1. Find the relative contact order for chain B and round it to a whole percent, using C-alpha pairs within less than 8 Å whose residues are 6+ positions apart.
2. Could you do me a favour and compute the accessible area per residue for the stretch B:15-349, 1.4 Å probe, result in Å²?
3. With the full set of protein chains in place, find how many percent of the accessible area of the stretch B:77-179 is carbon and sulfur; take the probe as 1.4 Å.
4. Other chains near B:37-46: what is the mean number of their Cβ atoms within 10 Å of each residue's Cβ?
5. With the solvent-accessible surface defined on protein heavy atoms using a 1.4 Å probe, which residues belonging to the stretch A:57-72 display a reduction of at least 20 Å² in accessible area in the multichain context relative to the isolated chain?
6. Which three extents, in angstrom, do the Cα atoms of chain B have along their principal axes, listed largest first?
7. Indicate the helices, whole DSSP H runs only, in chain B that combine a mean Kyte-Doolittle hydropathy of 0.0 or more with a Cα extent along their long axis of 27 angstrom or more.
8. Once amide H atoms are placed 1.01 Å from N in the peptide plane, what residues at a sequence separation of 5 or more from A:V257, or on another chain, have their amide H within under 5 Å of its amide H?
Amino acid sequence: MLTRRNLLAAAVGAAAGSASWTMVRAGTGQRVLVLGGDLAEIVFAIGAGEIVIATDTTALWPPEVEKLPKVGYLRRLSAEGLLSLMPDLVLAGADAGPQGALDQVRAAGIRVETGPEGTGFDTVSKKIVFVGSVLKRDAEAEALAARVAMEMASVEVALSSLAETPSVLFLISLANGAPMASGTGTAADEMIRLAHARNVVDGFEGYRPLSPEAAVGLAPQIIVLPDHAVGAGDVRSALDGTGLAATPAAGQGRVVVMDGLKLLGFGPRTPAAVGELARALHPAAAARLDL
Amino acid sequence: MQRVAVPGMPSTFSRDGLAVLCFAVLALALASAGVMLGPVPLGFGEVLGALSGHAETRSQVIVLEIRAPRVVLGAAIGAGLALSGTALQGVLRNPLADPGLIGVTAGGALGAVAAIVVGSHVAELLPEAARSWLLPLAAFFGAGAATGFVFAVSRRDGTTHTATLILAGVAVNSIAGAVIGLLIYVSDDRQLRDLTFWTMGGLGGADWRMVALAVPCIGVATVGLMRLTRALDLLQLGERAAWYSGLEVGHVKTAVGLWSALAVGAGTAVAGPIGFIGLVAPHIARLCVGPGHRMVVPAAALTGSALLLGADLTVRLIVPPAEPPVGLATSLIGGPFFLWLLLTRMRRDA
């Protein structure tokens, strides 16, 4: 976003030139640039937040990251933009790119480490171990990974008593009245499964536009949306614009809105997210779910 | 604005020559600024040191591997887009013609998108060294195929029908757009990620490999188009009149199509679709140096370079460390400037 502060910072940065360069250099400690909301969450969760100098726009948690400079969108990075922050280590999620920009940063002598790929709960511990080993905080990382695994195990135990698997339609966006639904093989699909529910869309992989008619035909009992899909308006009017009002879920008002990064990020908050989603998907059993 | 550049009329020549010189100075200044300035503040000495190879790795990489290829590519692509816009507007005698209108850009985009989506399956069959060339080459052939098709369709009895050509371009645009939409629909998450970056257009991915691919093509096309200035002047009298004055109209059209496809295809192949420059740079040039193509062609090329270099510099500096798409800046800088030029000329001529 173009703010006056950014413009000012640019002007001051250009004017101050080499002065700021020496100043930063004189500072001690590691300067880590984190690309990816999930990795940023992990870095802060293992107590290494103070060495993070900047993140990308997908980093929204913990609240401390809001104060940090943003290098733009994860998939549209600029090599010189990254270099201008003078990091000595770049922690890049598997989604970060374009590859050329990261290669150029590497060529400038900056260490760039790319995280593990994939969605699913398995990747959470892989990511935590990766961050721990790169930042040389293996002990903290191991503790965090163990804690997350334990939380997940207890959530799974609590959920094992659930008999029903309600049918769920997950919509990643409602942009322009054309809802994008999650098929199989996505983070959303995995989360629905973990929360003891069934993704109604099993005909395609990834996220695809879904016609309202197909949505009504799939007859989902519940619709789940990330918060960024809803925006400032309320859920009802957002859904009315898409023709999804005729689905059983919308008819009975069973629409769940959740923090997008928490729900889909596959980070340390995943067990809590599974619990939260499960409570929303199984309202009748929610009271006795010991979470 | 009815002034015609008459050879041997010294006052006109020197004024227009001065305008071309101004454009050259402006493009050169922006190119130097492109090497000197960026989100990383480097002193004058550091940049000079990097250019002569006596700086630390970091400055060296920033100046020689990030900024320099970007500036070279920006200058070349801007010039290529502007030149093909000038030639197409001249040959079609249509002020709205630009490489986007007749399907060159769309063809290039289709080639690139196909390379991203289908290419991953083909890539295994190719030798390692050839894989990274797949996208630029596909974009390039897409642009060439679209242009060839459009010109072939509109050619009847040895003459090219301008209206048919534009309509065929519109059709190619919508077909290419639909096929791109289809390919995006069947693409997986990883391919989509590459697509989003590429379809926005920009010089962010510039490196010397891309310079090596695009600059020679654009250079050849520039020489080819520069040689058509007299033909383009004659064509302004109308195709029939040009033909009676001894111009091989069909040959000229084919040549314009070929060189435009080469220049725009090469540009699209490495930087994605960049709009607006091909449309507006020729007009800016014409407003400044009059309609004679001997002056318009170099002036437009330099204007195109300056526009793209200026736009790229702006997106690099405006919200560091992030970088908005360059298309925003080309329109935001070029649009108002063009309007201002248009209005002042209209007022002066009134």
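1. 31 percent
2. Here the residues of the stretch B:15-349 average 41 Å² of exposed surface.
3. 72 percent
4. 6
5. A:K70, A:V71
6. 59, 48, 32
7. B:10-36, B:68-92, B:134-153, B:162-186, B:249-271, B:293-318, B:326-349
8. A:L225
The values are calculated or read from the model by the stated rules, or taken from the named source; none is laboratory data. Quantities reported herein were computed from a predicted structural model and do not represent experimental measurements. Glycine also receives a Cβ, built like all others from the backbone with ideal geometry; neighbour counts cover every protein chain displayed. Note: accessible area is taken over every heavy atom of the protein model, side chains too, but ligands, DNA and RNA are not part of it. Shrake-Rupley method; radii C 1.70, N 1.55, O 1.52, S 1.80 Å.
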